[in-house]
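These notes are about the structure you will find just below.
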Amino acid sequence: MSTYVLGIESTAHTLGMAIVDEKLNILSDVREVYRPSRSLGIDPHDAAEYLSKKAGYVFKETLKKASVTVEDIDAIAYSMGPGLGPCLRIGATIARLLSCKYNKPLYPVHHAIGHIELVRLYYNLNNPLVILVSGGHTLISSFTNNRWRVYGETLDITLGNLLDMFAREIGLGFPGGPKVEELASKGSRYIELPYTIKGTNLQFSGLLTNVVSLYKKNIYTLKDLALSLQETAFSMLVEASERALTQLNNDSIAVTGGVASNDRLYAMLVEMGEEHGLKVYRLPKRLNSDNGVQIAVVGLKMYLSNVEPVDVENAIIKQRWRLDEVEVVWR
Ligand code: ATP
């Protein structure tokens, strides 16, 4: 008999639900994504309101597409954090309600571990250096002594924030990453911008201030600014990743999170990987951004490893929660 796990993701802009089976087949993957107005970032309360309105539809579609009933589901996993409080509460509330009503075990999942484990399991990787780049995270991680340890990270804003904030400044709206990528692909001239690495850590805020001030001076084309921003920020990330790699013993490289969909970043990582004889893996683009599958696969691993589920009253949320605080007991 098959095992089915429902994953619920709601850390920020996306309400995602998915069902996976014991062989990690993705039976359904349904999402609704909140889009803030062009000139603004995400308003957590607006986003939560949107997610809660979509909950019924997303849940029904997830069951329908997977051709399973709620009774068939063996376990429920939800994003416990980190993320925006009002949004996290929507997913946690749905998870608690379903768990109580249908008497299903409940598993809290760290959102970043979802991104990381999805790419690891998808390609059956043994010991990858994982580069997680999104709106919420920019970090370089490797698995040691039961934890995903952080070997490098941003010290200020994330790479996703950098691209989104630049896009907002120039009137492109959210999410900015794909729009900056498109603009950059038409650029032809590199403009020197601040490049800041501290060991294996990164800082992007000076870069953002600088590129925005150049934009306001109106001397360079937007295409060249976008190209220069990407080249600078991605080179920083690649260099920090290479520095981490030389200290570790990884047998592959994986890049995940929304920004992993950027083809220029991927090409730069592939080039770096080749120099070290390592292959670079990334998920099909749809699975890089927030989704219920990443939560369901971790929930599945926990369920199959007989990890103790949480009681409904302990199924809380954690807005701040570092990746390396989580002991991975299911591997
Ligand atoms: P986290 O997953 O850490 O909570 P998040 O909620 O921002 O962060 P994601 O969906 O993983 O979630 O990532 C969204 C980010 O990815 C946004 O900053 C968006 O601009 C960026 N992004 C998406 N596609 C691209 C692309 N093609 N190039 C660059 N950035 C991209």
Considering only residues that are part of a loop (DSSP other than H, G, I, E, B) and touching a helix residue (DSSP H, G or I) at 6+ places or on another chain (Cβ under 8 Å), which ones fall in segment 3-37?
Thr3, Ser10, Thr11, Ala12, His13, Glu22, Leu24, Tyr34, Pro36
Condition first: more than 25 Å from Ser241 (Cα to Cα) and of a type in the set (Gly, Ala, Ser). Now tell me which residues in segment 168-217 satisfy that.
Gly171, Gly173, Gly187, Ser188, Ser213
So Asn250, is it within 11 Å of the ligand (Cβ to nearest atom) and of a type in the set (S, T, N, Q)
no
Against the definition (part of a loop (DSSP other than H, G, I, E, B), out of contact with any Phe, Trp or Tyr (no Cβ under 8 Å at 6 or more places or on another chain) and more than 13 Å from the ligand (Cβ to nearest atom)), how does Leu245 come out, yes or no?
no
Only one of Glu274, Glu308, Glu313 is without any contact (Cβ under 8 Å) to a residue 24 or more places away in the chain, in a loop (DSSP other than H, G, I, E, B), loosely packed, with under 14 Cβ neighbours inside 10 Å and not β-branched (Val, Ile, Thr), namely Glu308
I'm checking my understanding of the structure. Among residues of segment 233-271 that are among the β-branched types (Val, Ile, Thr) and surrounded by 15 or more Cβ atoms within 10 Å (Cβ to Cβ), which one is farthest from Ile113 (Cα to Cα)?
Val270
Checking Thr158, Thr144 in turn, the sole residue that is touching a residue at least 40 places away in the same chain (Cβ under 8 Å) and hydroxyl-bearing (Ser, Thr, Tyr) turns out to be Thr158
Return only the number of the condition from (1) in contact with a Leu (Cβ under 6 Å, 6 or more places away or on another chain); (2) within 27 Å of Ile19 (Cα to Cα); (3) hydroxyl-bearing (Ser, Thr, Tyr) that Ser305 does not satisfy.
(1)
What are the residues in segment 48-62 that are surrounded by 17 or more Cβ atoms within 10 Å (Cβ to Cβ) and either of a type in the set (A, V, I, L, M, F, W, C) or free of Cβ contacts under 8 Å to residues at least 12 places away in the same chain (or both), if any?
Ala48, Leu51, Ala55, Val58, Phe59
I need the full set of residues from segment 179-221 which are surrounded by 16 or more Cβ atoms within 10 Å (Cβ to Cβ) and within 16 Å of the ligand (Cβ to nearest atom), in order please.
Lys179, Val180, Glu181, Leu183, Ala184, Gly187, Leu202, Phe204, Ser205, Leu207, Leu208, Val211
So, Met272, is that one modelled with pLDDT of 95 or more and touching a Phe, Trp or Tyr at 6+ places or on another chain (Cβ under 9 Å) or not?
no
Which residue pairs have Cβ atoms closer than 7 Å, lie 6 or more positions apart in sequence or on different chains, and pair a first residue in segment 258-269 that is assigned by TED's automatic domain parsing to the domain that holds Lys179 and within 19 Å of Asp164 (Cα to Cα) with a second residue that is among the basic types (Lys, Arg) and more than 7 Å from the ligand (Cβ to nearest atom)?
Ala260/Arg282; Ser261/Lys285; Tyr266/Arg282
Exactly one condition in (1) small (Gly, Ala, Ser); (2) surrounded by fewer than 24 Cβ atoms within 10 Å (Cβ to Cβ); (3) farther than 30 Å from Leu172 by Cα; (4) under 20 Å from the mean Cα position of the chain (by Cα) is not met by Gly299; state its number.
(2)
Please pick out the residue among Val293, Val238, Val259 that is part of a helix (DSSP H, G or I), within 13 Å of the ligand (Cβ to nearest atom), over 30 Å from Tyr102 (Cβ atoms) and among the hydrophobic types (A, V, I, L, M, F, W, C).
Val259
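The values are calculated or read from the model by the stated rules, or taken from the named source; none is laboratory data. Just so you know, these numbers come straight off a predicted model, no measurement behind them. As a convention, Cβ positions derive from the backbone with ideal geometry for all residues, glycine included, and neighbour counts pool all protein chains shown.
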